[in-house]
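The values are calculated or read from the model by the stated rules, or taken from the named source; none is laboratory data. All of these numbers come straight from a predicted model, not from anything done at the bench. Counting neighbours? That spans all protein chains shown, and the Cβs are built from the backbone with ideal geometry, glycine included. Calculation scope for accessible area: heavy atoms of the full protein, side chains included, ligands and nucleic acids excluded. Shrake-Rupley method; radii C 1.70, N 1.55, O 1.52, S 1.80 Å.
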Amino acid sequence: MTLRQWGEKGDVEVITAACNDQAIAEFLDLIPSPYTPDDARAYIALCRDGWADGTLTNFAIASADTGDAVGSIGIRWLEPEQGVAEVGYWVAPEARGNGVCTRALRLVSRWVLQDCGMERLQLRADELNPASRKVAENAGFTQEGILRSSRFNPRQGRRVDFVMYSLLPGEPDAR
């Protein structure tokens with residue numbers, strides 16, 4: 001597994017297919033559905049703009065052997081003056097279950113907390129998304145609590161309770 005910027009050959013197709021996968025689309029309800037190649041190109045442009053203006057840093061999670069993208073992991077710099085960032089991720093169906101997302105999360109977490117000097121990296125996972133919660137826990141994040149009725153997910157027709165996790169400098173998986 002390696003991390004790289006989005007925009008290489010084949011990325012539009014990978015993003016389009018992954019974002020049409022039911023397991024991703026049901027929890028990422030802010031993305032268009034159905035998800036088109038134009039949406040993927042807009043996502044890649046957003047990622048590049050985020051890199052340029054420092055508000056968002058998204059990486060493609062790629063196969064170390066082929067360089068082909070298998071997922072995405074991104075950092076939003078929520079309160080940089082306070083040292084707070086948030087991470088989110090998704091992985092295509094064919095890459096699930098082998099620890100690739102956990103490895104990417106550990107790598108990005110170390111970078112954010114050590115190299116970027118953040119004091120808190122947080123993530124929110126839908127309480128009903130056990131796969132995302134397992135990634136957070138396997139990467140060493142601490143569950144802090146539940147953000148009850150945090151937002152409405154129109155695809156699921158329900159209000160979402162998010163499990164809040166965090167990782168701080170000096171914690172075992174942050175080193």
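Spacing of the modelled spin labels on Glu127 and Gln156, each 7 Å from Cα toward Cβ, amounts to 1.0 nm.
The order of the peptides 30-40, 108-118 by mean Cβ neighbours within 10 Å, most packed first, is 108-118, 30-40. Relative contact order for segment 1-129: 24 percent, from Cα pairs under 8 Å spaced at least 6 residues apart, divided by residue count.
State the percentage of accessible surface on segment 51-163 attributable to carbon and sulfur atoms; use a 1.4 Å probe and exclude ligands, DNA and RNA. Carbon-and-sulfur percentage of accessible area, whole number: 48. The convex hull defined by the C-alpha atoms of segment 81-175 has an orientation-averaged projected area of 6.6 nm². At a probe radius of 1.4 angstrom, the accessible area of the chain per residue rounds to 51 square angstrom.
Arg4: net charge of surrounding residues, Cβ under 11 Å, Lys/Arg +1, Asp/Glu -1, itself excluded? Its environment carries a net charge of -3. Placing pseudo-labels 7 Å out from each Cα toward the beta carbon at Glu94 and Asp29 gives an inter-label distance of 3.0 nm.
With Cα atoms as the point set, the radius of gyration and Dmax of segment 1-80 evaluate to 12.5, 36 Å.
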